[in-house]
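Novice: Right, I'll just put the structure down here and ask away after.
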Amino acid sequence: MAYIVLARRYRPQTFDDVIGQESAAQTLKNAVKADRVAHAYLFAGPRGVGKTSMARILAKALNCQHGPTPEPDNTCDICKSITRGDDVDVIEIDAASNRKIEDVRTLRENVKYMPTRGKFKIYIIDEVHQLTADAFDALLKTLEEPPPHVRFILATTAPSKLPDTIRSRCQRLDFKRIPTPKIIETLKLICKAEKVEIDAAALHAIARNARGGMRDSESLLEQLISFTGTKITEEAVYEAIGALSRDGLFSLVDLINAGNVPEALNILNQADLKGIEHETFLDELIGHCRELLLMKLCGKDSPLIDENDEDAARLHAQEATMSADTILYAIQVLSDAKAKIKGTVESRIPVEMALIRLARLEKMISLDELARRLEALEKGRPMGERPASGGGSSTSGQPRPSNPDQVQEQASPYAPAAAAPPDDSPWGRIVAEVLKGSRMTAMALIGMEQNDTTVVITHHKSFSFKPEIVEAAVKKVLNTKVRVVCREGSGGATLNGSGQALAAAMAPPGPPSAGAAPADDQFAQYNSDPAVKNVVRSFQGRVVGVKGAKKWQKD
């Protein structure tokens, strides 16, 4: 007889044999016992967790010669043929390769024929989400009202890709990922039956790598038996799957914490020599950091920690040396590197950069430290004395001019200086108002000059400076309609007392044209034109030169 792989030899044959799907199994057993089996079921869940096996068991429960029964005997001819997959009344269809409307039309033609020897004709459609839209449309009516002798079982790993019209016509059962301890328990039984010697660490490594899929763990065990014979170690598992060992991951994280860049890069180089793909390398490291984060936040006894006792103790010791923010940052850096791998020819470079960045983490400013520096900057005040409330002195310590036509100068209370709360002057209130809309804009402010019609705000050059926020703040605080001009400046905390910024703001937009007379009456005939008036008013400027005047007058 031809060799049969482990996943097929140890396939579940009864409802109780399906590992980790007790809820779905009990639902189907009760339905068969009460003769309330739905005309269509949707089995949804990850790959390798027992969806197709459960579908075959349900088919045996319905067509067993001693049934329908929730406990098929697996000895009658019908049960044996269903187990082999060659029963004429149980039709298994792979929707990945039979996805067209013609395939569904053939199915619709065949459902009207009675079963050959069983009580039901059962259609098992695997990966049903891969049917085309037209095929789904063709299946709708038959799926909703099939002949009484027909039952449909649809299996999918992506239920969200099914149309709502299909899902609404089925009774849905969700299949869960199988817990690691249950996979380990099953693998122990298989190894005992196969006379294979395997250590606990290797079993745990196989179960972890399967990520909740029983079939994947059985396939990996099969590969390891072929690779190492009847004795399997943890090192052989990681070599077979092409991944960094647990010892390697712990060592790498320790080197990163110690800032040892050369040795961290050496581990990456050794992984390259073993043929470990860079994406797999990052996945394993991200998974390790995730375990560290969960243990940090949830404790070492949390059920979220999927580790054996020895590795859990090592994780606990390692996470004690790291903060949660540091681990989060590491996961972000590694995830970014994984995304960059797909867009570069040399995939090793993003991985090296990520390891170097993490190893140099102590040399970087933390977010908390940056926030403290911003807070200290916000609480700063300009050089000089703070004005008394209602007094007549300016923030620069100079007397405030009594003539409103004279220039008033005030400096930003957020300029670097000794820590003190902002003052209650108009300028202080303007800065506070700007801070509500944009912290970076408030930090760029230098000072203010004003007269009856114009306010000039001087600020440092900043890409994040938002003049519209400043303008709104000035008009709100001063409660008057004034022209607000924002100009880049530099220097100390206050402007000079000559009103240069204000004078510059009220100067004409540019130099007059060559040869043009400076007198305004030269352009009287143009200034009286309504169109010119609107332009001058909109830009708050004046006519300084005219080009093409003859053509303009002609038009």
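Nothing in this text is a laboratory measurement; each read-out follows from the coordinates by a stated rule. None of these values were measured; they are calculated from a predicted model. Cβ: placed from backbone, ideal geometry, glycine included. Neighbour counts: every protein chain shown.
Novice: Under a plain spin-label model, where a point goes 7 Å from the Cα along Cα-to-Cβ, how far apart in nm are residue 349 and residue 84?
Specialist: 5.9 nm
Novice: Please give the FRET efficiency for residue 274 paired with residue 5, using the beta carbon to beta carbon distance and R0 = 45 Å, rounded to the nearest 0.05.
Specialist: Details: r = 27 Å, r/R0 = 0.59.
Working from the Cβ atoms, E equals 0.95.
Novice: List the residues, sorted by chain then number, that are 5 or more residues from residue 484 or on another chain and whose placed amide H is less than 5 Å from its amide H.
Specialist: 455
Novice: What is the sum of charges, Lys and Arg at +1 and Asp and Glu at -1, for the other residues whose Cβ falls under 14 Å from the Cβ of residue 111? Walk me through the numbers on the way to the answer.
Specialist: Numbers: positive: 105, 108, 112, 121, 141, 151; negative: 89, 103, 109, 144, 145.
With Lys, Arg at +1 and Asp, Glu at -1, the neighbours total +1.
Novice: Per 0.36 nm of contour for each residue apart, how much would the distance between residue 462 and residue 158 grow if the chain were fully extended, relative to their Cα-Cα spacing? Present the calculation step by step, with values, prior to reporting the outcome.
Specialist: Working: separation 304, 0.36 × 304 = 109.44 nm, distance 4.85 nm.
Stretched fully, the residue 462-residue 158 segment lengthens by 104.6 nm.
Novice: In nanometres, what is the gap between the two model label sites at residue 149 and residue 452, each 7 Å from Cα along Cα-to-Cβ?
Specialist: 10.3 nm
Novice: Taking Cα pairs under 8 Å and at least six residues apart, what relative contact order does the stretch 175-315 come out at, in percent? Could the numbers behind the result be given before it?
Specialist: Values: 113 pairs, mean separation 26.4, N = 141.
Contact order relative to length: 19 percent.
Novice: Work out, step by step, the length gained on full extension between residue 66 and residue 250: first 0.36 nm times the residue separation, then minus their alpha carbon distance; give nm to one decimal.
Specialist: 60.6 nm
Novice: Right, another one. Based on C-alpha coordinates, I'd like the Rg and Dmax of the stretch 56-178, in Å.
Specialist: 14.6, 41
Novice: Moving on to the next point. Run the simple label-point estimate for residue 481 and residue 231 please: 7 Å along Cα→C-beta, distance reported in nm.
Specialist: Spacing of the two 7 Å Cα→Cβ label points: 9.5 nm.
Novice: How compact is the stretch 169-220 by the rule of thumb for globular proteins, expressed as Cα Rg over 2.2 N^0.38 Å?
Specialist: 1.33
Novice: OK, next. Using 0.36 nm per residue, how much length does the chain from residue 165 to residue 302 gain when fully extended, once their Cα-Cα distance is taken away? Walk me through the numbers on the way to the answer.
Specialist: Details: separation 137, 0.36 × 137 = 49.32 nm, distance 4.07 nm.
Once the chain is fully extended between residue 165 and residue 302, it gains 45.3 nm.
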